[in-house]
Amino acid sequence: MTHSNIAGAINAAHAGVEAAKREGARYAVECGRLLAQAKDTVPHGGWDAWLRLNTTVSPRTAQLYMRIARHVEGDPAKAQRVAGLSVREAAAEATGPKRATASRKPLSPEAEHDSTELKQVWDEAKDNPDWQEGAARELSRIGYITKPQRNDIIRGVWAKHYAHLTDADRKEAAKRAAEMLVERIPRETLLKLIPRLKHVPASDIAIAMGDVQEDRKRRAAEG
């Protein structure tokens, strides 16, 4: 199966999950099986980028579907039982008894109010990806979220706001990024980095460049 064919199959299975509120796990198992098959063909470190370019499935959802598929693999009886569940129920079963029975601790009224206000501000900034990325960086800086959580948010912002870019747009952005790197990194260092950068997703490179800019602003402010 070619990349374009398997991407189309993944998208079709994912659409089935969204359409079926009940029995959604049946589609999730199929989507998870296809995702695992596709992942085996993608170079290490390039999975998230492949998902964004070829499917409508987020990395987190892909992980969920593959977990459900692994849970029923080789067990027809289990697969038949799970096929009648919702995706949420199947995910709880696949995760195991300890995590499945864990419940979210209710927020205090004050925390619930703050959460609602924060979500409202975030939604109002939906057309301003720079603000959303900046907010994620600030939340990480003051310790409210971890750096991996921050990076997941930034990747999500990129995936949502830049999915419409054409190949020409991407090439132009890559050219500007390359020019910036050549200007700021010594040639000897750059030559050592190039082989490694070939296997790093574009979003991760963008996050790293943002970290450098953030660090420079902090140093300038300090002094």
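The values are calculated or read from the model by the stated rules, or taken from the named source; none is laboratory data. All values derive from a computational prediction rather than experimental measurement. Cβ atoms come from the backbone with ideal geometry, glycine included; neighbour counts cover every protein chain shown. All accessible areas refer to the heavy atoms of the entire protein, side chains included, with ligands and DNA or RNA removed. Shrake-Rupley method; radii C 1.70, N 1.55, O 1.52, S 1.80 Å.
For the reader, a short list of remarks on this structure follows.
- Per residue, the range 17-96 exposes an accessible area of 56 Å² to a 1.4 Å probe, with every protein chain left in place.
- From most to least packed by mean Cβ count within 10 Å, the peptides 131-144, 79-92, 24-37, 55-68 give 24-37, 55-68, 79-92, 131-144.
- Rounded to the nearest 10 Å², the accessible area of Glu179 at probe 1.4 Å: 90 Å²
- FRET efficiency for Leu191 and His161, using Cβ-Cβ distance with R0 set to 45 Å, rounded to 0.05: 0.85
- Accessible area of the range 45-90 belonging to carbon and sulfur atoms, whole % at 1.4 Å probe: 51 percent
- Arg141/Gln63 FRET efficiency (R0 25 Å; Cβ-Cβ; nearest 0.05): 0.40
- Over 13 Å [Cα-Cα, the range 49-89], rounded percent: 59 percent
- Descending semi-axes in Å of the range 25-74, equivalent ellipsoid built from Cα gyration tensor: 19, 11, 8
- Model label zone, Leu53; criterion: amide N under 19 Å from point 7 Å along Cα-to-beta-carbon; scope the range 174-207: 174-179, 194-207
- Protein-only accessible surface at a 1.4 angstrom probe places the residues His113, His71 in the order His113, His71, largest first.
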